[in-house]
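The values are calculated or read from the model by the stated rules, or taken from the named source; none is laboratory data. Computed from a prediction, not measured in an experiment: that's the story for all the values here. Neighbour counts run over all protein chains shown; Cβ positions are idealised from the backbone, glycine included. Side chains included, ligands, DNA and RNA excluded: accessible areas come from the protein's heavy atoms. Shrake-Rupley method; radii C 1.70, N 1.55, O 1.52, S 1.80 Å.
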Amino acid sequence: MSRIPMALASLALVALSTGCVSRTITRFEDNQKSPVTALEVSKFENYLFFAKKTHQFYLCQDTGDKLICKLSCDGQNDVVCPQAGGTYSGATTNVR
């Protein structure tokens, strides 16, 4: 009988951890004086009981055949990307 609660707990964990992520470019701007590109991306994560939207900012270096991008608001330099999250019972945001 102890296997049934364990199986249900495992199933619940899988259901909560699976979801889909989509990204949409909202702005793409080349610098005319240097090989730098500013990129803004809207990242949307949708899970079974909650969703989260993050506005991400990237700085990209143009190397000729590749665009190498680095997230500018990753929290390592005291800048955190704006986020909003929600469930069926409410919503939160880190925007100030």
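Things worth noting here:
- Entry remark, region 74-96: residues being part of a strand (DSSP E or B), under 16 Å from the mean Cα position of the chain (by Cα) and without any contact (Cβ under 8 Å) to a residue 12 or more places away in the chain number 3 in total.
- Residue within region 19-34 that is modelled with pLDDT under 90, open to solvent by less than 60 Å² (accessible area, probe 1.4 Å) and touching a Phe, Trp or Tyr at 6+ places or on another chain (Cβ under 9 Å) present: yes
- Selection of region 40-73 for residues being part of a strand (DSSP E or B) and either over 14 Å from the mean Cα position of the chain (by Cα) or surrounded by fewer than 13 Cβ atoms within 10 Å (Cβ to Cβ) (or both) yields Asn46, Leu59, Cys60, Gln61, Asp62, Leu67, Ile68, Cys69, Lys70.
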